[in-house]
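Below: one structure, written as structure tokens.
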Amino acid sequence: RITRHMRSNARILDELPEPISFDPRDRTAVSTRVAFTGRTLVGAPVELTFKPGEVVEMPELFTLEGMPFDLEERRGRVQLIVVWNLGSVQFRRELVPVLAMRDFCKQVPGDVPVDMWLLNTRETTETTETGGGKWDAVFEFWSSRDYEIDCLFDDTNAAAERLGIRDLPVAIVIDGAGRLVGTQGGLDSSWPELVRELVNTAVRNSADAE
């Protein structure tokens, strides 16, 4: 039986056959080592429910401060959404690329604004040391850092289910018409450049549509 903590065991990973067969029941279905480890999503697109060019639909969300976020109401603006949770060790260790993208989004030339959001979903941290719930844990982590990026909270995982998100972290870029431009999995030093290309494409698409 393969368990999640074996992801870092090189010997076990080397012996895994592909495609991986599994007993589905309540387990996560994976077919490759990439899907099992989650690490090599870095530098690769992530497949969502929506395909590039399709209009993305999301349930209404709220920021940690309670401000509403409605994707449809943000038409005319490019949206960069970085999906994460506190269990995404890679996200917590690699915040420098995220901050680099924050600065880039503020300086994109042209008449099409670019908004950047963090979307917390599939949160695995249930309580804080003081007994607070998931929202408290996320709020405590985010409010203690002055990142100047609004964080959306997907309390019921409805957005993750609608988007088809299984692996975190992942960046999602949506153009001004609400269409998916592309996705980028993982976080490393090359991540900002790859996401910038998607954002620039979204800006051009949005400008051409005006």
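Yes or no, residue by residue, for (1) polar (S, T, N, Q); (2) within 21 Å of Asp70 (Cα to Cα):
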position: Gly132; (1), (2): no, no
position: Ile149; (1), (2): no, yes
position: Ile165; (1), (2): no, yes
position: Pro169; (1), (2): no, no
position: Val173; (1), (2): no, yes
position: Pro192; (1), (2): no, no
position: Asn200; (1), (2): yes, no
position: Val203; (1), (2): no, yes
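Considered as a group, the residues in the stretch 102-123 that are open to solvent by 90 Å² or more (accessible area, probe 1.4 Å) and without any contact (Cβ under 8 Å) to a residue 60 or more places away in the chain include one that is farthest from the chain's Cα centre (by Cα), and that residue is Pro109.
Only one of the numbered conditions (1) touching a Phe, Trp or Tyr at 6+ places or on another chain (Cβ under 8 Å); (2) at pLDDT below 85 is not met by Gln184, and that is (2). Scanning the stretch 85-121 for residues that are of a type outside the set (A, V, I, L, M), at pLDDT 90 or above and within 14 Å of Pro169 (Cβ to Cβ) gives Trp117, Asn120, Thr121. Residues that are within 16 Å of Asp154 (Cβ to Cβ) and of a type in the set (A, V, I, L, M) number at least 2 in the following strands (runs of 3 or more DSSP E) confined to the stretch 50-122: 78-84, 114-120.
Listed by position, the helices (runs of 4 or more DSSP H) contained in the stretch 132-210 that have at least 2 residues being of a type outside the set (Lys, Arg), under 22 Å from Pro113 (Cβ atoms) and open to solvent by 30 Å² or more (accessible area, probe 1.4 Å) are 191-209.
The values are calculated or read from the model by the stated rules, or taken from the named source; none is laboratory data. Just so you know, these numbers come straight off a predicted model, no measurement behind them. Quick reminder, even Gly has a Cβ in these numbers, built from the backbone with ideal geometry, and neighbours come from all protein chains shown. Surface areas here come from the heavy atoms of the whole protein model, side chains and all, with no ligands, DNA or RNA. Shrake-Rupley method; radii C 1.70, N 1.55, O 1.52, S 1.80 Å.
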